[in-house]
Amino acid sequence: MVPVKPISSFEEALNRCREMGMRLSQQRRFILELLWQAREHLSAREIYDRLNRQGKAIGHTSVYQNLEALSSQGIIECIERSDGRRYGNISDSHSHVNCIDTGAMLDVHVKLPKSLLEEVEKQTGVRITDYRIDFYGWSSGATSPEENGSITSSIAAWENVVAETGCSEWPEPPPPGSTSTTDKPTHQSRDRASYSAATSSISGVEGKC
């Protein structure tokens, strides 16, 4: 099977339509142009509303029919979500970062290590030819909006520790039952505790939406 060249622009999307013998109606051009301009994942309703606000008259039925035709031919991306379908301009294989607090979905190209893919193949007996990953997290990396500020301040504290000590790695924790050389914690140890408490709650991928 010959790999299909990824579509990287609005013009290439139009060319792919021509190559596949698809009719390039004005409505179809409107939809493709909007998706490549917005570079977001939009619902059919959002696409309809935005086009009409731009003065590009198009009906509901035409929007749905064109989205179905374009996504079925791999010209655009269609994602099934619990709140309905979303359509995006990138159609080649890629992954997504989903922001829980904002609902935004970001496109990201992730390449997994060959050793990891081989391990998956070994465990399943299935030869991996493609993969798409969904990451989930809060927009600033915290597990709740309230933690956003604490993580930012803790990272700053860690940077202070590095600047003062020249050490960029956390020391190993003391063995169970051992005592500290001093009963009064230093500001470095307090910063380390603050940083560890904040970052231990981070899961998924940290990204800005």
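Where a number appears in this text, it was derived from the coordinates with a stated rule and is not lab data. Predicted model only: the values in this text are computed from it and were never measured. Here Cβ is always computed from backbone atoms with ideal geometry, including for glycine, and neighbour counts include all displayed protein chains.
Taking Cβ atoms as reference points and 13 Å as the exclusive limit, the residues near ARG28 contribute a net charge of +3, counting Lys and Arg as +1 and Asp and Glu as -1. For the stretch 83-126, a simple Cβ point-charge model (Lys and Arg +1, Asp and Glu -1, everything else neutral) yields a dipole of about 80 debye relative to the Cα centre. Taking only the alpha-carbon positions of the stretch 57-96 and ignoring solvent, what does the Debye formula give for the base-10 log of I(q)/I(0) at q = 0.15, 0.22, 0.28, 0.32 Å⁻¹? For the requested q values the scattering log ratios are -0.38, -0.74, -1.02, -1.13. Here, the stretch 21-64 yields an orientationally averaged convex hull projection of 3.1 nm² when only Cα atoms define the hull. For the peptides 62-72, 128-138, the ranking by packing is 62-72, 128-138, with the highest mean count of neighbouring Cβ atoms within 10 Å listed first. Expressed per residue, the C-alpha convex hull volume of the stretch 44-132 stands at 138 Å³.
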